[in-house]
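Only one structure is covered here, and it is reproduced in the block below.
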Amino acid sequence: MADWYKCPVCRKLSLEHQDLARHYLGQTDKKHKDWLKSKNLSYSHLITMQVTEFGNKGYDALAKVLEKEAAVVQVDVK
Amino acid sequence: METKYSVIGKPTGNVDGMAKTTGEGKYTFDMYLPNMLYGKHVRSPYPHAKIISIDASEALKLPGVKAVITGKDVPGGKWGLWRRFRELCDQIALADDKVRFIGEPVAAVAATTKDIAAKAVELVKVEYEILPGVFDPLEAIKDDAPLIHEDFENNINATRHIEWGNVDEGFKQADYVREDKFTLFPQAVVSMEVHNSLASYDKGTGKLTIWSSTQSPYYLQLGLADALKMREGDIRVIKPHVGGGYGGKNSTMPDATTAALLSMKTGRPVKVVFNREEEFTTTEHRMGLHLAIKIGLKKDGTILARECKIITDGGAYTGLGATALYLAGIFQTFPYKIPNWRYDAFRTYTNKVWATSVRGFGAVPTVYAAEVQLDRAAKEMGIDPLAIRRKNLMEPGYEAPGQYKVESCGIVPCVDKMAERIKEKWPKLEKDEGIGYAGFAYMSGGIFNWIDTPYAYSGARVQVNIDGSVDLFTQAADIGQGHNTVAVMICAEELGIGIEDIRLHPGDTATAPVDLGAWGSRETLMNGNAIKMAAGQVKQKLVDLARAKLGENIAYDLVCREKRIYLELRPERGYSYYEMVEAAIKLNDGEPLIGTGHYTPHNKGMISPAYGMGIMAMKAKVDRETGLVEAKDVLIVHDCGQVINPLGARGQVEGSVHMGLGYALTEEMPNDNGLVLNPSINDYKIIRQRDMPQIELLDVPTYDPSGPFGAKEAAEATISPTAPALANAVFDACGAEFDSNCLKPERVLKAIREAEKNQKNKAKAKK
Amino acid sequence: MKNITNSFEYFSPKTLEEALKLVSQFDKEGKDFKVVAGGQSINLVMKQGVIAPEAVISIKGLSDMDYVKFDEKAGLKIGALATHRAIERSSVVEKKFGVLAEMEHNLSSVETRNWGTVAGNICHGDPGGDVAPVLIVLNANVKMAGVKGERTVPAEDFTLDFYETALAHDELVTEIQIPTVPPNTGVAYTKFSQVVGDFALASVAVAITLDSKKDICSDVRIGLGSVAATPLRAKKAEEILRGKKITDDLLAKAAQAAMDESDPTDSVDASGEYKRELVGVFVKRVGKEALERAKKA
Amino acid sequence: MKQELKFKVNGEERELWIDPKTLLVEVLREELGLTGTHWSCDTGACCCCTVNVDGMAVKSCSMLAMQAYGREVTTIEGLADGPTLHPLQQAFIDNWAFQCGFCTSGQIMAANALLNENPSPTREQIQLQLDGHICRCTGYNMIQEAIQDAAKRLQKSKV
């Protein structure tokens, strides 16, 4: 059994918050965007950070939020 | 070199030579059918607008006009090449609700002459509601930017994140770290034959035949099936000779869909030919992008980490742009060992014509940045630019975690050969001359299956007739790269006969097995394997028969060579090929000998079964007063596995360098709010004969287990190093640094002055 | 592909008189017509739909006017129908007006030079045309004829504005006249373009005549192309050099003056500012070349 | 209003009635079915459509067909001698001087005009002759080699 983190908007599961953030910023639908807005985050700000600055700044910023917000799901990994 | 082959490896003239040098060979462009109509598009003058209404009544009144169609007449849905991800299938035959770039087709007419068609287009009245547009990727992702496609928030079309090793740790351990930013401009494809299609719909049977200038008959068949809501099998795509593709003819484009729709509506054959301006403004091109790149090295020049970020100007639709995004990252890492690597890529929609696969598919802009940065680092660290490359080269068996594994790999001997040759070739430089290097590698066909085909990636069928002649069927596409010659050579080698014994039937979906078409340097390896397998099946029958007749023990090997089938160790014992074919067919109850072959890569990672690679050196001269750069001389050392046709391989190298030099020196597509500013060959500058340097090509032969006879990619990769080698040569000559491609004289002059200023400031600082 | 979509009546007069008659008749009738020699520029403009004349008069068949003649006294005479290629390959041009042949080598393509005419080129009135700056420094005159008679204008006054020339609607250019190059004269020309055969970003022609001691510049003409609404004569730059011994410094001053005289605009390929710089660079380089040639002349 | 055009194409006298606005390339391709002459750039900038008019290399897209009246036009279809290829054609094949082949007719016809007046051109002379020709495939070097090869073959055949 392992702890997986669940995307607050869709069914995506990830083993790391940063990976979940990466998934999140790759989604282009309105639902994902609206949730970001509700958390006072800007899609464009996060992406601009991620793509114009070095490191994983955009992902890390979102990952921090997801650490609090993403549900933990126990999944049997084979 | 002594070779065990009798056909491959020998310089062989093009099998399409007669067709292409006498004017007898037909391109789609050359085809006219009786009773044919001419189709032409009504195009949007706005980059982003709602279509309120379309009134075709005046156009329809014009004598000779047979039909006008709009988005409402398109029976099918959206289509695209990323069929595995339906949301990325975003292309439409004719804009239905809104237009997304200047020149997007909103309606089309069919008329009895081209002049009437042109006049009719003027008479179609379209009412638009203009919407705000977005033209730069960094603008496109803003929260308040206008949305180009409803379901794509912040106009993000596709993203990629690839990371291996521990990048941050790598940078921490590095003795030297530098960061650079680039903006790379788009490059137009400019095939000499424009996009054009001729469609003929048979009302009686409900089946469609279309001749089209395409790189992939199969992709076109799929795209048309989606657009027209027809079964694939009811659409026959025939690819005549194609006047160039270079990546720009993979997508199903409006020439094909419109010709088909108009033919279905009128019941007459319809031809749609783009003019050159339409070609520049409404067909696909190489992506422009903003890029940030960071490298960390040890004192001795060993690369510890690299990080690269790109955001691309995708244009209004997807095409193969999402694939380009991926390859842009992957091929930037070649041919070097980069233990820690991070890549972020975002593709945005903008209100421009869209970006897709173009020769060097993805790799060209990112390789430019990486190779240019490497030279800046080398200079500051005081390491020779060739030595720093030598230090970091891949070796056979090298693996990039989770991404790719390189089997055959001749890059080390390539660089060593280069170092040796360069000393003899350019012992001394003249004033204002410099030498630049760049490494390169490329795939031998892609493994990714975004097209979502259930078929093998390539197929071939061989039929051997009673007289020993062979009919070879495949959908593999020769678009000028010379694959027809390669296909016939591989078939002849396998059967031990001559190329004159073979008649090739390429590019017809009704008669030949599926092949995914000409992109990603895939035909030699993938179609070559399919052909070898098909021919091999027939060969086996002949060998078995010969063995039985000779009464030999099964342990003895027989070979098919020079039209004989004989014991390898006792060549005098055997039969003629013709004799065996005749006997085999008679034994077969009179059925010709049929062999079928197919190829799909398995267990070869995520990218490609094999990689061609090498190194380029360029000598260039700079005019310090005007900024004019002259590419003087080029040296390339290339590992492309077993070369099938040395003539064809050289031809492809020369062509790649030519197109790469255009990217380096003269080609860009300046755009003003969605308007392409140089949509003609007068204004879009292509390198001419007197501007083209001589190229010396040296070969480092290897054998790749994945390829037919050990063959792999040749030459497409050589476009990628051309621009960075040139920029590095200019850097070597005068210290000028560039943050873009297209080193037009004005840009160069500015960079030279900048460099001179910096040198002065440094000198001052020292005092 | 683009073709000419608008139909027109086509006339192919056999003599100059016939041609002039047609021209004057159409002019009087107010008919929209166009005279075509090789048509290398005009056909393009018609394909683009910029002009759609009712009638086209092809003078390509006026073979009497297809000549390149030279004698010491009268100089070089280029008939209206002489092609670029005829100039490029004329031995007398090569010997006596080498700069003309040099200019032709880089003018568009052999195909254009084979069919297009020198006179047609200047009649198009393109400020980026290759021919005009060279004609200007060679002190050429353009002879024109109408039903009322003939007249001659200096090449430097022939182009009035973008695509506008001194040629009246009912006239035809009949001949380009270039006087024999004076002794001790050197002429040079450079077209700066990004790819060979392309239109110029800037072009510079310079003719320098030295005094009998080959020391002092007794006369000088500087012609510029692509850097203003018309081909230009840089008279202020010439003034700096005339009557002086030409040194690098002096040439640099002249180059600065020529830069000030030019008035280039931004285009897709380069800014006006950069084109102005090119004028400076090439007035120096071409001036130096012309000076060397004058010394050897 | 159609007008009569009489001219010689590949050795044959031709008479046809055309709209005088018709370009030579249109007459060749669409009226006479000589589709070996291609058409590519629309602005007279690529020389893909080059044919020989009275032996000269000329762009058939930049010339009114009526201007060919009474003249002799040779297209790529008129170059081979029956089934025997012209040395230029054979040399283009043997030297891999084309790839997609779309610009090839124009290249060969320009080279033909060159070799007719200069039987052994230097590389520079070839470049000068062919500078107007855009090829997106070959990078030109192999075209130049083919033309030099053809020149040698032609000279041999004359001896």
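The values are calculated or read from the model by the stated rules, or taken from the named source; none is laboratory data. Please read all numbers here as calculations on a predicted model, not as lab measurements. No Cβ is skipped: glycine too gets one built from the backbone with ideal geometry, and neighbour counts run over all protein chains shown.
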Any helices (runs of 4 or more DSSP H) falling wholly within the range C:99-191 and containing at least 1 residues that are of a type outside the set (A, V, I, L, M) and under 13 Å from the mean Cα position of the chain (by Cα): C:118-124, C:131-137
Filter pass, residue D:44 being in a loop (DSSP other than H, G, I, E, B), closer than 18 Å to residue C:36 by Cα and touching a Leu at 6+ places or on another chain (Cβ under 7 Å): yes
Extreme residue, surrounded by the most Cβ atoms within 10 Å (Cβ to Cβ), among residues of the range A:10-38 that are under 17 Å from residue B:143 (Cβ atoms) and more than 10 Å from chain B (Cβ to nearest Cβ): A:24
Unique residue being touching a Ser or Thr at 6+ places or on another chain (Cβ under 7 Å), modelled with pLDDT of 95 or more and among the hydrophobic types (A, V, I, L, M, F, W, C) when the list is D:46, D:61: D:46
Criterion: assigned by TED's automatic domain parsing to the domain that holds residue C:234, without any contact (Cβ under 8 Å) to a residue 60 or more places away in the chain and among the β-branched types (Val, Ile, Thr) - qualifying residue of C:142, C:92, C:195: C:195
Unmet requirement for residue D:85, which otherwise passes all of (1) under 24 Å from residue C:113 (Cβ atoms); (2) of a type outside the set (Lys, Arg); (3) within 14 Å of chain B (Cβ to nearest Cβ): (1)
So residue B:555, is it small (Gly, Ala, Ser) and farther than 19 Å from residue B:490 by Cβ: yes
Residues (within 13 Å of chain B (Cβ to nearest Cβ), crowded, with 23+ Cβ neighbours inside 10 Å and out of contact with any Asp or Glu (no Cβ under 8 Å at 6 or more places or on another chain)) located in the range D:61-77: D:75, D:76
Some residue of the range B:683-697 being away from chain D (no Cβ under 14 Å) and not in a helix (DSSP H, G or I): no
Where residue C:21 falls short, out of the listed (1) in contact with a Pro (Cβ under 9 Å, 6 or more places away or on another chain); (2) within 14 Å of chain D (Cβ to nearest Cβ); (3) basic (Lys, Arg): (2)
Among (1) out of contact with any Lys or Arg (no Cβ under 9 Å at 6 or more places or on another chain); (2) part of a strand (DSSP E or B), the one test that residue C:236 misses: (2)
Scope the range B:217-275; condition among the small types (Gly, Ala, Ser), buried (at least 22 other Cβ atoms within 10 Å of the Cβ) and either at pLDDT below 95 or part of a loop (DSSP other than H, G, I, E, B) (or both); matching residues: B:243, B:244, B:245, B:247, B:248, B:251
Qualifying positions in the range B:451-483 - aliphatic (A, V, I, L, M), within 25 Å of the chain's Cα centre (by Cα) and at pLDDT 95 or above: B:456, B:460, B:472, B:476, B:477, B:479
Given (1) over 22 Å from residue B:701 (Cα atoms); (2) touching a strand residue (DSSP E or B) at 6+ places or on another chain (Cβ under 6 Å); (3) in the same structural domain as residue B:725 (by TED's automatic domain parsing), index of the condition residue B:427 fails: (2)
Unique match (being more than 9 Å from every other protein chain (Cβ to nearest Cβ) and in contact with a strand residue (DSSP E or B) (Cβ under 6 Å, 6 or more places away or on another chain)) among B:123, B:198: B:198
Qualifying position, being crowded, with 24+ Cβ neighbours inside 10 Å and touching a strand residue (DSSP E or B) at 6+ places or on another chain (Cβ under 8 Å), among B:486, B:464: B:464
Out of B:717, B:711, B:723, sole residue that is farther than 21 Å from residue B:329 by Cα, within 21 Å of the chain's Cα centre (by Cα) and either within 14 Å of chain D (Cβ to nearest Cβ) or among the hydrophobic types (A, V, I, L, M, F, W, C) (or both): B:711
Entirely in the range B:151-205, the strands (runs of 3 or more DSSP E) that have 2 or more residues that are over 30 Å from residue B:141 (Cβ atoms): B:196-202
Test: residue in the range D:103-126 that is more than 14 Å from chain C (Cβ to nearest Cβ), surrounded by 24 or more Cβ atoms within 10 Å (Cβ to Cβ) and within 28 Å of residue B:360 (Cβ to Cβ): yes
